[in-house]
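Derivation of every value follows stated rules applied to the coordinates shown; laboratory data play no part. Worth saying up front: this structure is predicted, and the values here are computed from it rather than measured. Note that each Cβ is placed from the backbone with ideal geometry, even for glycine, and that neighbours are counted across all protein chains shown.
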Amino acid sequence: MTVEKAGISDIDALTEMRLNYLQEDHGELDERDVTAIRTELPSYYRDHLNNDLFVYVIRDGQQIVSCAFLLVVLKPMSPSFINGRTGTVLNVYTCPQYRRRGYAKKIMEALLADAEKMQLSVIELKATEDGYPLYRSVGFADDNSGYHLMKWKDQ
């Protein structure tokens, strides 16, 4: 089992992996949303892949069967992220027939090793109940900062 970074030739597969992840996370997707994602997401990948978005994958032959995204952002410095370099883990997903083989853990270990080389001050993620033990096992801890996670969404 080898972890590697996805490249431009993987954009179609990454789009499908993202849709599979979203379907499991959100339930059945509206067909308009699926069409928009299939149309727009490839150009996002072309602009960001291996610049500020790093996608770690495991393949079975040529097929990507497991992945995790690391989005790197430079923020104004603070004691919480002293050099301003932060990361967010997104889209940790393994195809159902490949689960419980340690793929996600192997990917997270590679992602975190690269994050250390990139000197990221902090890496954040939102964990599902299923993913929580994995993230704890690779060193993530609950955020007890005293802040409330809030969102604003344009209606």
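Placing unit charges on the Cβ atoms of the charged side chains and taking the dipole of region 9-155 about its Cα centre, the candidate lying farthest along the positive direction among 61, 81, 51 is 81. In this structure, the amide hydrogen of residue 122, modeled 1.01 Å from its nitrogen in the peptide plane, lies closer than 5 angstrom to those of 87, counting only residues at least 5 positions away or on a different chain.
Sorting 70, 49 by the number of Cβ atoms found within 10 Å of their own Cβ, with the fewest placed first, yields 49, 70.
The lysine pair tally for region 1-137, using Cα distances under 21 Å and a gap of 8 or more places or different chains, is 9.
Counting beta carbons within 10 Å around each of 150, 17 and listing the fewest first gives the order 150, 17. Note: relative contact order over region 82-155, using C-alpha pairs below 8 Å and six or more positions apart, is 41 percent. Overall, region 26-107 carries a charge dipole of about 560 debye about its Cα centre when +1 sits on the Cβ of Lys and Arg and -1 on the Cβ of Asp and Glu, all other atoms neutral. Among the trypsin sites (Lys or Arg not before Pro) in region 80-122, those placed in a DSSP loop whose Cβ has at most 14 other Cβ atoms within 10 Å are 99, 100, 101. Residues in region 121-127 carry Karplus couplings, in order, of 6, 8, 10, 10, 7, 10, 9 Hz; the curve used is 6.51 cos²θ - 1.76 cosθ + 1.60 with θ = phi - 60°, and Gly or Pro positions show x. Secondary-structure-derived ellipticity at 222 nm for the chain, considering helices only, amounts to -11500 deg cm²/dmol, per-run term -39500 (n - 2.57) for DSSP H runs with n ≥ 4. Under the combined filter of DSSP loop state and at most 12 neighbouring Cβ atoms within 10 Å, region 93-155 retains these chymotrypsin sites (Phe, Trp or Tyr not before Pro): 147, 152.
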